[in-house]
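Data first, discussion second: the structure below is written as structure tokens.
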Amino acid sequence: MAMSAPFSGRQREAGFTLLEAIVAIALLGALLVPLYTLMSRNLDGLVRVGQANLQSEVTLNALAVLDTVNPMERPEGSVALGAYVLRWRSAALTTPVDGVGFPAGQSLYQVAMYRTQAEVSRLDDRGATTPWFTFDLRQVGWRQVRQFRLPF
């Protein structure tokens, strides 16, 4: 039977030394910092995309409301849209002119071009509003100035 050579000094134990553990933790930390930065930027980007999507949705709702508003008859006003408030103010860009109609040649209406400035505000639980964003819109205003008369 062959005898193994005796160890000189202390017998070596299996496992990691403290230095190896510190190096492993440092390498892991160096790898996790860029991963954390990437995830943080992606989450920030997702939040911005969500906010832009919400603003776009509210803008479409505001445009649908303003599509029903005649700026010549109602140049300013406000409407509550759930958790948001839409306020607008219109100013004439042109003087009102008679419209052209068929077959008489003159319309029953006068028309003018308007610039509408709209502001959307957020409504909080207490009923206070906080301005969120604004946009400008060009609209046609009209008013009836004549009655339809039969030619006979």
ask   = In the range 133-152, which residue that is aromatic (Phe, Trp, Tyr) and at pLDDT 95 or above is surrounded by the fewest Cβ atoms within 10 Å (Cβ to Cβ)?
value = Phe133
request  = Would you check if Gly82 is open to solvent by 60 Å² or more (accessible area, probe 1.4 Å) and closer than 21 Å to Pro131 by Cβ?
outcome  = yes
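The values are calculated or read from the model by the stated rules, or taken from the named source; none is laboratory data. None of the values given here were measured: they were computed from a predicted structure. So basically every Cβ, Gly included, is an ideal-geometry build from the backbone, and we count neighbours across all protein chains shown. These area figures cover heavy atoms from the full protein model, side chains too; ligands, DNA and RNA do not enter into them. Shrake-Rupley method; radii C 1.70, N 1.55, O 1.52, S 1.80 Å.
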